[in-house]
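What follows is a set of notes on a single structure, which appears directly below.
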Amino acid sequence: MTTVETRYEPDRTRLGEILSGQPSYRIDQLWRGLYDEGLEIEQITTLPKDLRRDLATLLPSALRAHTDLVSEAGETRKWLWELRDGDSIETVLMHYPGRSTVCVSSQAGCAMACDFCATGQEGFRRHLTTGEIVEQVVRAREAARPRRLSNVVFMGMGEPLANYDATWRAIRRIHGDLGLSARHITVSTVGLVPGIRRMADEQLPVSLAVSLHAATDSLRDDLVPINRRYPLDVLLEACREYVGASGRRLSFEWALIEGVNDTSEQARALADLCRDLRAHVNLIPLNPTPGYPTVGTSPEGVRWFRDQLVANGTNATIRQNRGTDIDAACGQLRSSQHAKAQPVAAPARRPR
């Protein structure tokens with residue numbers, strides 16, 4: 001038995017190779033211990049002690065908790081994980097009455113370069129493996145008990161569709177082996193059209209959330225640079241294909257930036273985009289990040305923008321900010337508490 005894989009990386013076939021020479025039922029015992037019970041390998045007492053010792057060495061954990069923070073209200077918990085190569089990522093667990101949601105990372109850093117996002121300010125370092133993604137979910141599930149882990153959202157560090165193969169293998173594992181419904185798994189993207197089109201061919205109808213943030217190409221080119229490659233008409237056509245193939249409702253994420261994308265012009269343009277797709281809009285007041293000089297829209301401005309959308313026939317909700325006191329809110333995740341953010345220029349303000 002020789003391998004350098006972390007414990008949630010191998011599938012059943014690979015575990016059979018690792019357990020070569022052992023009775024075949026050992027695969028089921030190990031799999032149940034990891035996936036059904038969320039145990040450390042040393043705690044899987046259905047396995048012989050010597051085998052547990054060997055497997056713990058051959059299949060180490062991918063994540064070591066460097067920092068573990070809980071918000072003042074106790075509703076949000078954030079881990080800074082150190083990976084085995086010394087890199088690091090963050091995972092956020094959010095509690096609701098009787099259930100919990102985990103926000104997982106798919107990359108260390110991000111190459112999408114959205115200036116208002118702390119992860120984008122850091123830049124890209126590497127893709128996460130399937131095992132590194134899955135272990136975030138297992139750790140969060142165990143930490144959530146006695147609450148039920150009901151939802152997994154790929155809204156942490158990185159662009160999931162830029163790491164498509166590992167992300168989708170993780171989704172299959174989360175669905176098939178951790179038992180979450182596809183409807184309770186959400187993939188968020190800034191608009192990687194090839195990935196959205198690949199998703200339309202998959203058999204699992206997960207929810208799709210597009211980080212839109214602007215409803216005109218001129219503004220979105222500034223806020224979300226990938227728009228220069230996949231402009232809005234191309235992106236929306238791919239979204240239309242996914243909605244048609246999956247039967248799932250599309251949602252647009254919109255971080256409201258004071259004087260930039262909270263104008264009546266943007267509200268009208270966004271309502272026009274949503275009408276054909278019957279998309280739902282999640283409004284998120286921009287959370288502060290060290291490298292971005294512009295502030296989020298005031299609570300009054302957020303409500304005004306929502307009302308403009310509703311008046312134009314668009315379903316819109318204001319997402320409650322969770323974990324801002326521990327930098328765990330949308331757009332605040334970074335690879336280190338002390339990471340250096342690269343300062344960026346403020347976008348041009350626009351009249352309301």
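Annotations for the structure displayed:
- Restricting attention to region 165-176, the residues that are buried (at least 17 other Cβ atoms within 10 Å of the Cβ), over 15 Å from the mean Cα position of the chain (by Cα) and of a type outside the set (K, R) total 1.
- Residue list for region 60-93, filter: hydrophobic (A, V, I, L, M, F, W, C) and either within 20 Å of L128 (Cβ to Cβ) or modelled with pLDDT of 95 or more (or both): A62, L63, A65, W79, L80, W81, L83, I89, V92, L93
- Hits in region 243-254 (condition: crowded, with 19+ Cβ neighbours inside 10 Å and not in a loop (DSSP other than H, G, I, E, B)): S246, S251, F252, E253, W254
- Filter result for A209 (among the hydrophobic types (A, V, I, L, M, F, W, C), in contact with a Ser or Thr (Cβ under 8 Å, 6 or more places away or on another chain) and open to solvent by 10 Å² or more (accessible area, probe 1.4 Å)): no
- Number of positions in region 61-75 that are open to solvent by 20 Å² or more (accessible area, probe 1.4 Å) and either part of a loop (DSSP other than H, G, I, E, B) or among the small types (G, A, S) (or both): 6
- Screening region 83-132 for residues that are touching an Asp or Glu at 6+ places or on another chain (Cβ under 8 Å), polar (S, T, N, Q) and closer than 22 Å to T186 by Cα and picking the one that is most open to solvent (accessible area, probe 1.4 Å) gives T129.
- Note on region 83-109: residues that are small (G, A, S), in contact with a strand residue (DSSP E or B) (Cβ under 9 Å, 6 or more places away or on another chain) and part of a loop (DSSP other than H, G, I, E, B) total 3.
- Scanning region 133-150 for residues that are open to solvent by less than 50 Å² (accessible area, probe 1.4 Å), more than 14 Å from E90 (Cα to Cα) and not small (G, A, S) yields a count of 3.
- Residues of region 310-328 satisfying the condition of being modelled with pLDDT of 65 or more and either within 14 Å of L286 (Cα to Cα) or buried (at least 20 other Cβ atoms within 10 Å of the Cβ) (or both): T314, A316, I318, R319, Q320, N321
- Filter result for the condition that a residue is acidic (D, E), under 27 Å from V134 (Cα atoms) and modelled with pLDDT of 95 or more, over E253, E265: E253
- Tabulated pairs, region 209-223, first over 20 Å from E241 (Cβ atoms) and without any contact (Cβ under 8 Å) to a residue 24 or more places away in the chain, second of a type in the set (D, E, K, R) and open to solvent by 10 Å² or more (accessible area, probe 1.4 Å), C-beta under 6 angstrom, 6+ apart or interchain: D221/R228
- Test: residue in region 110-127 that is in contact with a Lys or Arg (Cβ under 7 Å, 6 or more places away or on another chain), among the aromatic types (F, W, Y) and within 25 Å of V193 (Cβ to Cβ): no
Yes/no per residue for (1) part of a helix (DSSP H, G or I); (2) in contact with a strand residue (DSSP E or B) (Cβ under 8 Å, 6 or more places away or on another chain); (3) hydrophobic (A, V, I, L, M, F, W, C); (4) open to solvent by 10 Å² or more (accessible area, probe 1.4 Å):
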| site | (1), (2), (3), (4) |
| --- | --- |
| A214 | no, no, yes, no |
| L235 | yes, yes, yes, no |
| L256 | no, yes, yes, no |
| V260 | no, no, yes, no |
| L270 | yes, yes, yes, no |
| R275 | yes, no, no, yes |
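- Residue within region 297-306 that is assigned to a loop (DSSP other than H, G, I, E, B), of a type in the set (D, E, K, R) and at pLDDT 95 or above present: no
- All conditions but one from (1) crowded, with 24+ Cβ neighbours inside 10 Å; (2) under 27 Å from N227 (Cα atoms); (3) not hydroxyl-bearing (S, T, Y) apply to E202; the one that does not is (1).
- Close pairs from region 163-175: first under 12 Å from G195 (Cα atoms), partner open to solvent by less than 20 Å² (accessible area, probe 1.4 Å), Cβ under 6 Å, at least 6 apart: N163/S106; N163/Q107; Y164/G195; T167/S106; T167/P160
- Filter pass, Y35 being at pLDDT 95 or above, under 19 Å from the mean Cα position of the chain (by Cα) and of a type in the set (F, W, Y): no
- The listed residue being open to solvent by less than 70 Å² (accessible area, probe 1.4 Å), in a helix (DSSP H, G or I), out of contact with any helix residue (DSSP H, G or I) (no Cβ under 6 Å at 6 or more places or on another chain) and not polar (S, T, N, Q), out of L55, L34, L80, L15: L34
The values are calculated or read from the model by the stated rules, or taken from the named source; none is laboratory data. Keep in mind the model is a prediction, meaning the values are calculated, not measured. For neighbour counting, all protein chains shown are included, and Cβ atoms are generated from backbone atoms with ideal geometry for every residue, glycine included. The protein model used for the area step is the full one, side chains on, heavy atoms only, and it has no ligands, DNA or RNA in it. Shrake-Rupley method; radii C 1.70, N 1.55, O 1.52, S 1.80 Å.
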